[in-house]
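S.K.: I have a structure here, written as structure tokens, and I will follow up with some questions on it.
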Amino acid sequence: MRKILIFTDWFLPGTKSGGPVRSYANLIAHFEGEYEFKVITRDTDYCSTEPYPGIACNHWNRWSTNTEVYYISQDQLNRETLKKLIDETDYDVVYINGIYSWKFSVLPLLLLKNCPVRIIVAARGMLNPQAFSVKKTKKKVFLAFAKMLKLYRNVTFHATNEDEQRYIREITGQGQPVIVAPNLPRKVQVQTPNSRTKKANELKLVSVARISKEKGTLHALHALSKVQTGEVTLDLYGPVYDQAYWEECLSVVKGLPSRVKVNYKGSIDGEKVPDVLQDYHFFIMPSEGENFGHAILEALSCGCPVIISDMTPWKGLIDKNLGWDIPLNDPDGFVRAIETAAKMEQAVYQEWSSAASEYARIFCENPEVIAENRRLFDLS
């Protein structure tokens, strides 16, 4: 059985870092019968200093039948530990998460520079244009050095769509090997969603994402401040990534009209997300960019249509009664979408909810998505 060695800053039981943890959990769930997985990661969750309960730090932990996880403590997270693990672990393919992490992307690539095995780097949208809205200069300098050092000379990149493939090659070179494979959905049976009661002029919105500029929390709040119709509630789930940004959000919340309520619910265990989504009418996330968007797909699978930006792979939603994908430079478009959703009566909303869950079911059962991911580990 082929052995896959994964390097990632965060893994289960962590949930606060969002999409990448879910991506690897889903990948392992789909392919554990075909491959053995060994995951090297931190022993703490994102923005946390406390080790996960119930794990053995600095040892291999049996996660499931064909998966082991090595949780490295902060005091042992160094070049020597990583080199020892690379030298002593048996693997056929190395799969590295992300671009800019020194300990879990750059350093492993340097240590593996002359290794003859296949090396995959999942870009995770980090080379997409919108990703450079944060720390642009530092990222540009790093990529210049990476090119000079030929860091990606023997690497195959994983892109989740053709746009990302193009962005990767624009930065690393047109000859860079890139495999396009959409992220895999959660391996669960998509069920018929609970029938929600939807009254006209009443709307329950939910956002499951970290509170950050990239996820567009402020865009959503500014849109709510201009809504002129209906009783609207927005519940926010996710860690606060930037305290100063959160203060801006709270300032907008304080000025919202009385018909609009916003509640911060804190972080949520990833396994509980599908159950939580069943309680809401629409999912909202005006993100500045997603290379996949697991939360979007999970919302759809729960029969929860979405109000998102057009900076994700999920396009043309209005034509399928799945929601709206709106340009960020059209803030009034978000206002109109919220007001239209609020005005929906039960019969129309039920059509949209059913369309969302059926669309997700078809996507999740698509065998081509599985085959495209299998190509990542095909050594032929």
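S.K.: Against the condition closer than 14 Å to Asn263 by Cα, modelled with pLDDT of 95 or more and assigned by TED's automatic domain parsing to the domain that holds Gly303, how does Ser225 come out, does it pass?
M.R.: Values: closer than 14 Å to Asn263 by Cα: no; modelled with pLDDT of 95 or more: yes; assigned by TED's automatic domain parsing to the domain that holds Gly303: yes.
Criteria not met by Ser225.
S.K.: I've got another one for you. Which residues, counting only those in segment 71-111, are β-branched (Val, Ile, Thr) and either under 24 Å from Arg153 (Cβ atoms) or not assigned by TED's automatic domain parsing to the domain that holds Val155 (or both)?
M.R.: Correct list: Ile86, Thr89, Val93, Val94, Ile96, Ile99, Val106.
S.K.: I'd like the full set of residues that are surrounded by fewer than 18 Cβ atoms within 10 Å (Cβ to Cβ) and within 24 Å of the chain's Cα centre (by Cα), limited to segment 249-264.
M.R.: Asn263, Tyr264
S.K.: Would you be able to tell me the number of residues in segment 273-300 that are over 16 Å from the mean Cα position of the chain (by Cα) and not acidic (Asp, Glu)?
M.R.: So the answer is 6.
Conditions (1) surrounded by fewer than 19 Cβ atoms within 10 Å (Cβ to Cβ); (2) farther than 26 Å from Leu297 by Cα; (3) modelled with pLDDT under 95; (4) not small (Gly, Ala, Ser), marked per residue:
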| site | (1), (2), (3), (4) |
| --- | --- |
| Asn194 | yes, no, yes, yes |
| Leu203 | no, no, no, yes |
| His219 | no, no, no, yes |
| Thr229 | yes, yes, yes, yes |
| Gly238 | no, no, yes, no |
| Glu247 | yes, yes, no, yes |
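S.K.: If Gly98 passes every condition in (1) crowded, with 20+ Cβ neighbours inside 10 Å; (2) among the small types (Gly, Ala, Ser); (3) at pLDDT 90 or above but one, which one does it miss?
M.R.: Every condition holds for Gly98 apart from (1).
S.K.: Ok, one more. Tell me, which helices (runs of 4 or more DSSP H) wholly within segment 1-114 include 1 or more residues that are under 26 Å from Ser267 (Cβ atoms) and out of contact with any helix residue (DSSP H, G or I) (no Cβ under 9 Å at 6 or more places or on another chain)?
M.R.: By residue number, 19-31.
The values are calculated or read from the model by the stated rules, or taken from the named source; none is laboratory data. Remember, predicted model here, so these are calculated numbers, not experimental data. So basically every Cβ, Gly included, is an ideal-geometry build from the backbone, and we count neighbours across all protein chains shown.
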